[in-house]
Structure formats: structure tokens, C-alpha cells
1. Please give the contour-minus-distance gain from residue 157 to residue 88: 0.36 nm per residue of separation, less the Cα-Cα distance, rounded to one decimal in nm.
2. Which whole-Hz couplings ³J(HN,Hα) result when phi for each residue of region 148-153 is put into the Karplus expression 6.51 cos²θ - 1.76 cosθ + 1.60, θ = phi - 60°, listed in order with x for Gly and Pro?
3. Grab the other residues whose beta carbon is less than 10 angstrom from that of residue 150, score K and R as +1, D and E as -1, and report the net.
4. Under a cut-off of 19 Å between alpha-carbon atoms, report the aspartates and glutamates in cross-link reach of residue 185, not counting same-chain residues fewer than 8 places apart.
5. Among 161/203; 35/183; 85/183; 35/70; 183/203; 85/147, which pairs are too far apart, with a Cα-Cα distance over 29 Å?
6. If you add up the charges near residue 173, with Lys and Arg at +1 and Asp and Glu at -1, over every other residue whose beta carbon is less than 12 angstrom from its beta carbon, what do you get?
7. Rank the residues 21, 60 as a footprinting-exposure proxy: fewest other Cβ atoms within 10 Å of their Cβ go first.
8. So, in nm, how far is label residue 204 from label residue 140 when the simple model puts each one 7 Å beyond its Cα toward the Cβ?
Amino acid sequence: MEFTDLVKARRSANNFDAEVRISEAELKVIFDDTKLTPSAFNLQPVGYKVVMNDAKLQERMKIASGGQYKVGVCSAVIVVTTNTKAYEDTAILHAGAVQFGIMSESEVADEVQMTATYYEGQGEDFQYFDAVRNGSLSAMQFMLAAKNQGWDTCPVSYDDKLVRAALNLPDNEQVIFMIALGKEKTAHPRMRGYRRPVSEFVKIY
């Protein structure tokens, strides 16, 4: 799909067809595009938890969303997480680059030192903010990638504690998005919501 057409076609879906399921192969195509999202220092702190085969867990996601119907009937519930301590995995992340001769061990050691100094020096509030910022980029790319493959999405609100408990997440892994994914019924489409004109939200210096 051409980019402008893709952006115009992507919208928040609210009326999913409960009979439509998505396969792991179809999801992989979407995630192959999603993985190209930029991230600070290329630390790739974002994770995706896909609820699609466990009806009981999907019901827990629905409860966590405040009982939103679309979460219970969509093809998959996508929980986007981000690792606030991703910098601690710098050496592991670059192991392949060393193996293939792209980076030397000393270069990796320098990268490890640099990222540790930077993130630890900034403190935990910044680590959280940076992880959310990177995760938000990835989540938007996921929704565009999904639409490019013909799937509809809708980011939904959620109770953080309920989601964390259901997925048994570690302390360093923060939930930043819950996204319902599926095929929207097209019999009675909603009109797109009003969008402010560019002149109202853009200021050029």
C-alpha cells in the first residue's frame, strides 16, 4: 500500500469480527516490519505479548481493559512492553556483530560502558521515559504494519496491575500499550473523528 493511502486507511477499529482469526505466519510478517523501528542506541527494548490462543487469558485482558467488548472478540490482544534496563543487555545485543566481524570485542566493551554510564547517570525516571518513548515508536509502526497486511487495530486503555499479574511480568518490563487486532466489520463503518487542521497544531520557527 502507498504510504499516504496506508495512513488514511489506518483507523481505530471498534467492531471486530469474532469469527476471524490470525495465524502465527501472518503475525510474523507484521513483526518483521515492526522490528525495523528505530530505538535509542539500537537497544531494541520493546517486547510484544500476543494473546490469541488462550481464551481465559484473553478474558483477563478484557477485564483489564475495563470490560471493553472489542478486547474479548478481536483476533489477538497485543500487549506492548518495554524494558527499562535494556542497556544492561548491550553486550548480548552485539554478540552477533562480534561473531561476524562487524564489531571488535573492544568496541563492544566501549559501547557497554557508554550506555551504562549514560542511562545510570540519568536515573530511573529517565530510563522509564526513554523506554516508553522507544516503545511508542514501535507500537505505532506495528499498527501501520498490521494495516499494510489488511488487519485493523485499536489501542485501548487498561489496568496496569491486572495486565502485569496476568502476564507475570518482571519489574523492569513496563506495559505501555494494549492493542486489539482483528478484522473490522464493514457493514456499518464509523466516520473518522474530526482532525484539527495543520495550522492549529504546527508552529514553524
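1. Numbers: separation 69, 0.36 × 69 = 24.84 nm, distance 2.98 nm.
Between residue 157 and residue 88, full extension yields 21.9 nm more.
2. Computed from phi, the couplings for region 148-153 are 4, 9, x, 9, 9, 9 Hz.
3. Details: positive: 147, 183; negative: 26, 152.
With Lys, Arg at +1 and Asp, Glu at -1, the neighbours total 0.
4. Filter leaves 17, 19, 152.
5. Numbers: 161/203 38 Å; 35/183 23 Å; 85/183 35 Å; 35/70 26 Å; 183/203 37 Å; 85/147 31 Å.
Among 161/203; 35/183; 85/183; 35/70; 183/203; 85/147, the Cα-Cα distance tops 29 Å for 161/203; 85/183; 183/203; 85/147.
6. Values: positive: 49, 85, 164; negative: 160, 171.
Taking every other residue near residue 173 into account, the sum is +1.
7. On the way: 21 13, 60 19.
By the 10 Å Cβ count, ascending: 21, 60.
8. Distance between the two pseudo-spin positions: 2.0 nm.
Read-outs: derived from the displayed coordinates by stated rules, not from any lab. Everything numeric here is computed off the predicted structure, so don't read it as measured data. Reconstructed Cβ throughout: ideal geometry from the backbone, glycine too, with neighbour counts over all protein chains shown.
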